[in-house]
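The values are calculated or read from the model by the stated rules, or taken from the named source; none is laboratory data. These numbers were taken from a predicted model, which means no experiment stands behind them. Here the Cβ positions follow ideal geometry from the backbone for every residue, glycine too, while neighbour counts run over all protein chains shown. Each accessible area value is taken on the protein alone, full model and side chains, heavy atoms only, with ligands, DNA and RNA left out. Shrake-Rupley method; radii C 1.70, N 1.55, O 1.52, S 1.80 Å.
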Amino acid sequence: VLAGHLLEAIRRVRGCDPRRIALVGHSLGGIVGRYAVNLLGAEEHVHTLITLGSPHRGSPWARVLARLPVFRDSPSLAQIAPGSALLAQLDAAPPLQTTSVLSIYSEHDRHCPRPMAEIPLRAEDVRIRNVSVGAIGHEGLVIDTKVYALIRSTLWEETAREKHRVSTATR
């Protein structure tokens with residue numbers, strides 16, 4: 001549902017503009033972005049997806065939190081549990097053709113530890129990278145200067161590629 005809302009918002013923002021956009025999502029936001037790009041067709045609108053501490057292989061906390069009364073009706077928790085059908089769908093999606101994906105994670109993230117934040121890679125997934133930024137907590141991923149520099153340099157490179165794509169396509 002959230003990925004569908006995101007796709008609608010992306011379409012509204014882009015309008016008739018031939019340039020594609022970049023998405024940056026923290027934690028569950030990265031899974032929402034990945035679902036929109038990989039499974040709902042947002043790839044045509046997004047040149048780069050960057051995720052920060054996102055549970056690409058599931059969150060070890062999802063099953064624990066789902067037992068609490070306040071979270072019992074939360075479909076998101078079931079969807080990010082290790083081995084969920086949603087995560088299996090994402091892993092089985094066809095390789096991306098034009099969108100680059102960068103999963104940034106921390107060695108010290110207690111909410112989404114390293115192995116859970118890495119996107120499982122297949123040989124054909126040449127547009128996906130997993131990058132560790134060392135000892136930063138889950139919340140620190142959104143404010144750390146090293147993470148900011150990595151996001152900035154990635155967006156700089158991908159935006160340059162996108163400008164070249166648009167100029168080549170409009171000739």
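Across segment 154-167, what is the number of residues that are under 14 Å from Arg19 (Cα atoms) and open to solvent by 70 Å² or more (accessible area, probe 1.4 Å)?
So the answer is 4.
I'd like to check which strands (runs of 3 or more DSSP E) are fully inside segment 44-153 and have at least 3 residues that are surrounded by fewer than 21 Cβ atoms within 10 Å (Cβ to Cβ).
128-132
Note down all Cβ pairs under 8 Å where the first residue falls in segment 1-22 and is assigned to a helix (DSSP H, G or I), the second is modelled with pLDDT under 90, and they're at least six residues apart or on different chains.
Filtered contacts from segment 1-22: Leu2/Ser76; Arg14/Arg20.
Which pairs turn up if I take residues in segment 54-71 that are under 14 Å from Cys112 (Cα atoms) and look for partners that are modelled with pLDDT under 70 and among the hydrophobic types (A, V, I, L, M, F, W, C) with beta carbon separation below 7 Å, at least 6 apart in sequence or on another chain?
Leu65/Phe71
Can you tell me which residue is surrounded by the most Cβ atoms within 10 Å (Cβ to Cβ) among those in segment 1-31 that are within 19 Å of Ser74 (Cβ to Cβ) and either in contact with a strand residue (DSSP E or B) (Cβ under 6 Å, 6 or more places away or on another chain) or modelled with pLDDT under 90 (or both)?
Keep residues of segment 1-31 that are within 19 Å of Ser74 (Cβ to Cβ), which gives 1-6, 25-31.
Next, from what is left, pick out any that are either in contact with a strand residue (DSSP E or B) (Cβ under 6 Å, 6 or more places away or on another chain) or modelled with pLDDT under 90 (or both): 25-26, 30.
On the way: Gly25: 19, His26: 18, Gly30: 27.
Ranking the qualifying residues of segment 1-31, first place goes to Gly30.
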